[in-house]
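None of the figures in this text is laboratory data; all of them are computed from the coordinates on show. Here the structure is a predicted model, which is why all the values come from computation and not from measurement. Virtual Cβ from ideal backbone geometry, glycine too; neighbours counted across all protein chains shown.
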Protein chains: 2
Amino acid sequence: MASGKPASGEDSLIARYFRPLATDPGALGLDDDAAALQPDGSDIVVTTDAIIEGVHFLPDDPPDTVARKALRVNLSDLAAKGAVPAGFVLTLALRGADEAWLKPFAAALGEDAAQFACPLLGGDTVSTPGPLMVSVTAFGRVPPGKMVHRSGAKAGERVMVTGTIGDAALGLAVLKGGKVHAAATDVAARDALVGRYRVPQPRVALAEIVRDFASASMDVSDGLAGDLTKLCGVSGVSAVIDLPSIPLSSAARDLVFRGVVGLEALIAGGDDYEILCSIAEDRVEAFSQAAERTGVAVSSIGTVVAGSAFPKFIDAEGREIALERLSYSHF
Amino acid sequence: MASGKPASGEDSLIARYFRPLATDPGALGLDDDAAALQPDGSDIVVTTDAIIEGVHFLPDDPPDTVARKALRVNLSDLAAKGAVPAGFVLTLALRGADEAWLKPFAAALGEDAAQFACPLLGGDTVSTPGPLMVSVTAFGRVPPGKMVHRSGAKAGERVMVTGTIGDAALGLAVLKGGKVHAAATDVAARDALVGRYRVPQPRVALAEIVRDFASASMDVSDGLAGDLTKLCGVSGVSAVIDLPSIPLSSAARDLVFRGVVGLEALIAGGDDYEILCSIAEDRVEAFSQAAERTGVAVSSIGTVVAGSAFPKFIDAEGREIALERLSYSHF
């Protein structure tokens with residue numbers, strides 16, 4: 001992002017809405033072509049995720065929730081890697097300079113940047129004839145060599161997950177209408193599900209705890225089943241998951257109980273932005289207590305086992321449940 | 001980017017085409033949610049630029065040139081900041097997994113990444129119903145505090161520019177047909193202009209020299225006139241530019257001489273990806289010699305002057321030329 005004397009549309013919009021967010025000295029007030037990240041001996045963890053209108057958010061999602069989602073899906077990645085946020089750059093592809101959209105977008109982005117101590121460092125604003133796109137590259141810091149990888153899960157460890165699973169997928173189903181919308185008659189519960197879809201809750205507060213305790217970790221963005229399969233694949237292990245142990249919100253539990261959705265749809269769904277990690281058996285208790293002190297519930301959902309088979313999901317009767325659609329893929 | 005066992009379309013495509021590019025250990029073979037940049041005491045310079053089909057490149061531009069342009073526009077920013085490339089992350093928004101497009105795209109990206117020692121560290125592949133978009137965030141290293149800013153130009157210094165100006169704008173005009181296409185009858189010259197539009201030549205070899213000599217620097221991406229205005233604005237100075245000193249290729253000079261295009265169209269055009277910088281008078285000679293040793297010609301095109309007026313552009317007869325369209329703005 002850059003600005004100079006010619007008060008062209010792009011420059012003046014950037015100045016008005018985004019410069020107030022560029023609070024870090026390394027952002028140079030967005031007056032330059034680049035930002036500088038000062039070294040402090042940490043490794044810089046880099047992650048990038050884009051969200052596209054009609055794919056990752058809905059065309060009528062409010063601009064403030066679009067801003068929060070764009071940043072938070074990246075903060076979620078950083079947290080799962082054990083990294084403390086350091087800043088982000090933003091690429092915004094817009095059909096035009098719609099101030100009624102940009103103003104609440106920038107305001108919410110600024111609030112989240114402040115809340116999560118992750119300042120805007122720079123960016124690029126481009127016009128597109130197509131759907132809105134918000135691409136964020138976020139930076140975090142970890143002590144040298146301490147980034148928590150996907151690989152590293154070992155047989156005998158516990159599979160743990162934060163928060164609850166499946167709410168965002170249900171929120172999207174509510175927004176799309178259909179049977180979930182019809183069945184979710186409780187307005188507060190419905191709003192909570194939609195909120196989970198539109199505004200993820202990245203587990204930033206857990207970053208250092210994940211770093212201290214987890215052998216392997218990733219955030220759950222493409223569905224618990226598929227993401228666990230990825231973590232196991234990279235770690236060279238398998239897992240046995242106890243389906244009834246998967247944490248559900250009361251709204252989700254109610255919909256499953258009433259037969260509106262199957263549990264497998266929730267664990268194949270996406271957009272959870274919870275942390276999935278592998279913890280040595282003798283450290284599970286300390287991990288849970290540390291997480292609880294940050295206000296985040298963690299659940300043990302199964303065991304890492306040796307082998308290269310796909311993870312198994314076992315129901316309350318001890319039967320293995322076949323998961324036909326293991327992961328959401330964009331293609 | 002991430003890959004695991006489920007051979008979904010996205011994962012297998014990433015594995016096949018992009019993993020061979022992830023040569024840096026920090027990329028973790030694209031098997032993780034994030035990459036790690038190890039500290040070496042340098043400041044990390046971060047820049048991000050996206051290119052969109054129909055806006056920054058043409059729908060029938062070959063995939064290999066799209067890949068090179070996406071990376072090179074960012075390498076150009078790094079060079080202008082005095083930063084040596086360290087790596088990049090890529091966000092690719094595609095309408096589908098078209099292997100006939102992806103294969104040459106990835107191959108060319110890999111060649112450029114190797115040529116400019118800027119390895120792929122990670123990324124995100126998303127589907128879009130809209131135009132293709134390639135967003136790159138690139139990282140470079142400079143000694144602490146040594147990033148060259150846009151601000152810093154001082155009255156009395158010389159305004160210098162690398163290479164030649166206006167060729168890319170002419171190349172775009174050739175591709176769009178019309179009078180420039182009709183007038184550019186020399187096939188080799190025409191191809192050279194189109195090449196400048198499609199595949200910028202980032203001045204990576206000049207990064208350390210810019211760092212050693214320039215008081216202020218930026219790359220010329222939105223047109224020389226507008227970008228100079230920005231550099232002057234941020235530096236709190238003005239400039240007087242000698243139009244006949246602006247370096248033109250023989251193809252561009254020929255088109256200006258024949259009256260096909262005006263010089264002002266060339267300096268208002270975009271996509272030059274040359275370096276514009278301010279050099280103290282007594283260091284101009286040494287700067288020019290150092291640049292020449294890397295094979296890059298540099299030209300002195302004017303003088304930085306005190307004041308806050310827009311830069312003046314003076315023709316061969318000493319008349320000031322009014323520039324109605326100082327800069328390309330995306331809105």
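What is the Å³ per residue value for the convex hull set by the Cα atoms of the range A:158-314?
Values: hull volume 15.9 nm³, N = 157.
Measuring per residue, one finds 101 Å³ for the Cα hull of the range A:158-314.
Run the helix sum for the protein assembly as shown: -39,500 (n - 2.57) per DSSP H stretch of 4+ residues, divided by residue count, reported at 222 nm to the nearest 500 deg cm²/dmol.
Values: 22 runs with 220 residues, N = 662.
Taken over the protein assembly as shown, the calculation gives -10000 deg cm²/dmol.
If each label sits 7 angstrom from Cα along the C-beta direction, how far apart, in nm, is A:Gly195 from its counterparts in the other copies?
In nanometres, ordered from closest: 6.0.
Name the shape class, rounded, prolate or oblate, that the alpha-carbon gyration tensor gives for chain B, where a ≥ b ≥ c are the square roots of its eigenvalues, rounded holds for a/c under 1.5, and otherwise prolate holds if a/b is larger than b/c and oblate otherwise. Provide the component values of the computation, followed by the final result.
On the way: a/c = 2.31, a/b = 1.42, b/c = 1.63.
The shape class here is oblate.
Taking the axis about which chain B rotates onto chain A, which residue of B lies nearest it as judged by Cβ position, and how many whole Å separate them?
In chain B, the Cβ lying nearest the symmetry axis toward A is B:Gly130, 1.
Student exercise: in chain A, how many lysine pairs 8 or more apart or on different chains have Cα atoms under 27 Å apart?
17
Taking the Cα-to-Cβ direction at B:Asp191 and at A:Ala297 and moving 7 Å from each Cα, how far apart do the two end points lie in nm?
6.8 nm
Treating only the Cβ of Lys, Arg, Asp and Glu as charged (+1, +1, -1, -1), what charge dipole size does the range A:9-142 show about its Cα centre? Round to the nearest 20 debye.
On the way: 9 positive and 19 negative charges, 57 e Å.
The calculated dipole for the range A:9-142 is roughly 280 debye.
Within 10 Å of each Cβ in B:216-224, how many Cβ atoms from other chains are there, averaged over the peptide?
2
Which of rounded, prolate or oblate describes the protein assembly as shown when judged by the alpha-carbon gyration tensor and an a/c cut-off of 1.5?
prolate
Can you give the convex hull volume of the alpha carbon atoms of the range B:9-142 per residue, in Å³?
It is 94 Å³ per residue.
Once the dipole of the protein assembly as shown is set up with Lys and Arg at +1 and Asp and Glu at -1 on Cβ about the Cα centre, which of B:Ala36, B:Ala265, A:Thr23 lies farthest towards its positive end?
B:Ala265
Give the nm distances, rounded to one decimal, from A:Ile321 to the matching residue in every other copy, measuring between label points 7 Å along Cα toward the beta carbon; shortest first.
Relative to the other copies, A:Ile321 has label-point distances of 7.1 nm.
In the range B:189-331, if the dipole is taken from +1 on Lys/Arg beta carbons and -1 on Asp/Glu beta carbons about the Cα centre, which of B:Ser217, B:Pro202, B:Val284 is farthest to the positive end?
The one lying farthest along the dipole's positive direction is B:Pro202.
For B:Cys232, A:Cys277, what ranking results if the residue with the fewest other Cβ atoms within 10 Å of its Cβ goes first?
Sorted ascending by nearby Cβ count, the order is B:Cys232, A:Cys277.
With charges set only on the Cβ (+1 for Lys and Arg, -1 for Asp and Glu), what does the dipole of the range A:158-314 come to about its Cα centre, in debye to the nearest 20?
340 debye
Quick one: if the Förster radius is 41 Å, what FRET efficiency do A:Ala205 and B:Ser308 give, using the C-beta to C-beta distance and rounding to 0.05?
Efficiency, from the Cβ-Cβ distance: 0.30.
Kirkwood Rh over alpha-carbon pairs of the range A:59-209, then Stokes-Einstein at 37 °C and 0.692 mPa s: what D in µm² s⁻¹, rounded to an integer?
Working: Rh = 17.2 Å.
Diffusion coefficient, whole number: 191 µm²/s.
Considering the Cα trace of the range B:136-236, what is its radius of gyration and what is Dmax, both in angstroms?
In Å, with Rg to one decimal and Dmax whole: 16.6, 51.
Springs between alpha-carbon atoms under 10 Å, Gaussian network over chain B: tell me which of B:Ala70, B:Ala36, B:Ala155 tops the mean-square fluctuations.
Evaluated over chain B, the most mobile residue of the options is B:Ala36.
Would you list B:Ser76, B:Ser250 from fewest to most Cβ contacts within 10 Å?
Lowest to highest Cβ neighbour count: B:Ser250, B:Ser76.
Taking the Cα-to-Cβ direction at A:Ser12 and at B:Ser12 and moving 7 Å from each Cα, how far apart do the two end points lie in nm?
In this crude spin-label approximation the distance works out to 5.3 nm.
Relative contact order (percent) for the range B:199-273, with alpha-carbon contacts under 8 angstrom and 6 or more residues of separation?
51 percent.
Report, for B:His181, each distance to the same residue's label point in the other copies, shortest first and in nm; define the point 7 Å along Cα→Cβ.
Reported distances to equivalent positions: 4.6 nm.
Would you work out which of A:Ser151, A:Trp101, B:Leu120 lies farthest towards the positive end of the dipole of the protein assembly as shown, given +1 charges on the beta-carbon of Lys and Arg and -1 on that of Asp and Glu, about the Cα centre?
Positive-end residue among those listed: A:Trp101.
May I ask you to sort A:Val187, B:Val148 by Cβ crowding, counting other Cβ atoms within 10 Å and putting the fewest first?
A:Val187, B:Val148
Is there a quick way to get the dipole size of the protein assembly as shown? I mean about its Cα centre, with the Cβ of Lys and Arg at +1 and of Asp and Glu at -1; what is the value in debye to the nearest 20?
Around 160 debye, computed over the protein assembly as shown.
For the residue pair B:Asp212 and A:Ser250, what label-to-label distance in nm results when each label sits 7 Å from Cα along the Cα-to-beta-carbon direction?
7.0 nm
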